[in-house]
1. So which helices (runs of 4 or more DSSP H) are wholly in segment A:215-297 and hold at least 1 residues that are more than 16 Å from B:Leu140 (Cα to Cα) and out of contact with any helix residue (DSSP H, G or I) (no Cβ under 6 Å at 6 or more places or on another chain)?
2. Considering only segment A:73-109, how many residues are at the interface with chain B (Cβ under 8 Å from one of its Cβ atoms) and within 14 Å of A:Gly27 (Cβ to Cβ)?
3. Give the residue, chosen from A:Leu241, A:Leu247, A:Leu268, that is within 14 Å of chain B (Cβ to nearest Cβ), buried (at least 21 other Cβ atoms within 10 Å of the Cβ) and not acidic (Asp, Glu).
4. Which ones in segment B:6-18 are within 22 Å of the chain's Cα centre (by Cα) and either surrounded by 11 or more Cβ atoms within 10 Å (Cβ to Cβ) or among the hydrophobic types (A, V, I, L, M, F, W, C) (or both)?
5. Residues being of a type in the set (A, V, I, L, M) and in a helix (DSSP H, G or I): count how many of those fall in segment A:178-214.
6. Collect the residues in segment A:41-62 that are free of Cβ contacts under 8 Å to residues at least 40 places away in the same chain and hydrophobic (A, V, I, L, M, F, W, C), keeping them in residue-number order.
7. Is segment B:84-99 home to any residue that is in contact with a Leu (Cβ under 6 Å, 6 or more places away or on another chain), more than 14 Å from chain A (Cβ to nearest Cβ) and not hydrophobic (A, V, I, L, M, F, W, C)?
8. Just one of (1) within 14 Å of chain A (Cβ to nearest Cβ); (2) aliphatic (A, V, I, L, M); (3) assigned to a helix (DSSP H, G or I) trips up B:Ala152, so point out which.
Amino acid sequence: MDSFATGVSIIYQFATNGAFLLLSALGLIVILGMMNIINLAHGELMMMGAYTASIAWHRGVPFWLCAILAFLVVGLFGAALERTIVRRFYGRELGALVVTWGISLILSQGALMVFGPFLPAIPIPGGSVGLGQYSFSVYWLTVIALSFGLIAALWSLYNRTTFGLQARAAMQNAAMARALGVNTERIYMLTFSLGAGLAGFSGALFAPTVSIAPFMGQQFVAPAFITVVVGGATNVITGALGSSVLLSLVKTPIGFVFGAFVGTVALLLAALIIIRLMPDGISAVIQRQVDRRNRFA
Amino acid sequence: MAALQHLVNLIAGPEDIGRSRWFWAAFAAVCALLFVNPLWLTEFEATNGAYYLLNVPIALGLGLLWGYCGILSFGQVAYFGIAGYIYGIVAGNMVGDATGPIIGSLCGLAVCGLVATIFGYFVFYGRVQNWIVPILTLVLTLLLETFLGQTAGYQWRVGSVQLGGYNGMTGIPAFQLGSYVVMGYGFYYYVLIVVIATYLGLRLLVNSRHGKVMLAIREDAIRTELLGYDIRARQLVVFVLAAVLAGISGLFYVQWGNYITPSQVGLVQASLPVVWVAVGGRESLLAVLLSTCALNWLNYTLSSEGYQYALIIIGALLVAVMLFFPSGIVVTLARDLPRHLRTLRGQRKGEVQ
């Protein structure tokens, strides 16, 4: 029983770190994978999600509704951002990077000026469950389950719906997709909006666990970008999943022994070594394996 | 003499704006003005003047990297910080020894070069995609800031120097040549000479053979490689050079203010070199030089008025420039203004040349 509980505890630790990385990076990786645009305002979109959640929660809205509200609000904001600014930078990767960085500066400083240096915190919903001598937070267990749910939902969105089919077509060959009648402009707007919404949703989910402040987005930037770099842009879902599992395997033991900061440094070193071995990320490697198997099948 | 002529031709080569006789006359006049400036400036004003200039090397390095080689880095301030901190540690431990500041400077630049080489090796020899370099350099910067932020307390003491956590490192010695402590007017001249030498040296570089290969990599990396150039090594060399230039700015900064804090390598500071380079125009060293001085002056003025708006203005400036002047304000003006002037003059004379 005791060793069983220890086993569950270890898995819980890995899963928490994995879910954290996955949720931090999900919105970013959706936008990158489908549109080849790096959104450096990602951390600030998460901040907006947390702000929405905090404001709504303190007006008496139940927490899970707050998270959904954050998804919608930030998603709408993302759509507006895409229409006005981001769409002018398609095909100019570095230009898009720089302009979204400018947006992130405006957003974080703007939040500081409008809302002041911090917003009231949200207590962590749910209690904890005990197993052996360990106790697990119900909230984090839910978040872990949710992140698997989100991946499944994204998978079916891209593989089971017309939107998904058109989006994948636009990603593979935009000119050809347009020629076949796909409205790529609309696809790009919806994709960017979806990515922004996911960032807002993750921000709301992390809101109870961190202090809600204008520059809170920064703490997610490093892990999110490392996850994206390791995952690569070849296949959104395998990339996000593969890289958060792999990086959690690196971060959890090192962070446990040496502390959180060394854990994050280990993430960067792992990322450097991984891109040296597989420059296009894990998703490209997995994709090659799948392609090879399909050829011989 | 022929070698000198060759050198002059290289500096005046085609890879920067400002090639006419008029330009060089103006350039010489401005340099001369800057050199005689201290005649009517107070020592305090001269030190401020040095402050506007001291960020020029880091900006020129980024301009070289981004505009001429096509590699964007958000992490130049990491090297700025590394050089500053290493200088502080080495020179701070050698107080009383006249060679301390020189050895400290060399150590700072060497560590910059070393870190950039290791980092660049993984990035360029891994042949990663274009967007990964800025992301990883940004992550490196963030981690460096986090690390320096938690170095408060006595266990973070190197010799007799405290790293100081978020309060930063204080009491960093000024630069010193022999027994002459470089301060006030002396510091102004020291920065001015290094800045002018850096600018002319980089102009020489971008017009040299190596510079042509660099431009070729920016235009088409695969084609350049098929022509037989080792693009990985070339990119790595430029990356290290840009890091060392950022380190020079870091040295100037700590020698100017005698302190450094982790916020110097924070996200806000990291954005500034990108803004300077983007606003001026990344594909011209001269544009970068001008916009860096102008924006540093602007930032200095703004932050004495009220710092809270400074970031929003900088962010908005960056977005506006990327939207309306994708190749930079100075470069756009330099390209379009002569044409407009010619058209105007042509209309007046009733002919278009």
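1. Result: A:236-258, A:260-277, A:282-296.
2. Selection size over segment A:73-109: 1.
3. Numbers: A:Leu241 fails: within 14 Å of chain B (Cβ to nearest Cβ); A:Leu268 fails: buried (at least 21 other Cβ atoms within 10 Å of the Cβ).
Checking each option against the conditions leaves just A:Leu247.
4. B:Leu10, B:Ile11, B:Ala12, B:Gly13, B:Glu15, B:Asp16, B:Ile17, B:Gly18
5. Matching residues across segment A:178-214 total 11.
6. Within segment A:41-62, A:Ala56, A:Val61 qualify.
7. Yes.
8. Of the numbered conditions (1) within 14 Å of chain A (Cβ to nearest Cβ); (2) aliphatic (A, V, I, L, M); (3) assigned to a helix (DSSP H, G or I), the odd one out for B:Ala152 is (3).
The values are calculated or read from the model by the stated rules, or taken from the named source; none is laboratory data. From a predicted model like this one, the values you see are computed outputs, not experimental measurements. As a convention, Cβ positions derive from the backbone with ideal geometry for all residues, glycine included, and neighbour counts pool all protein chains shown.
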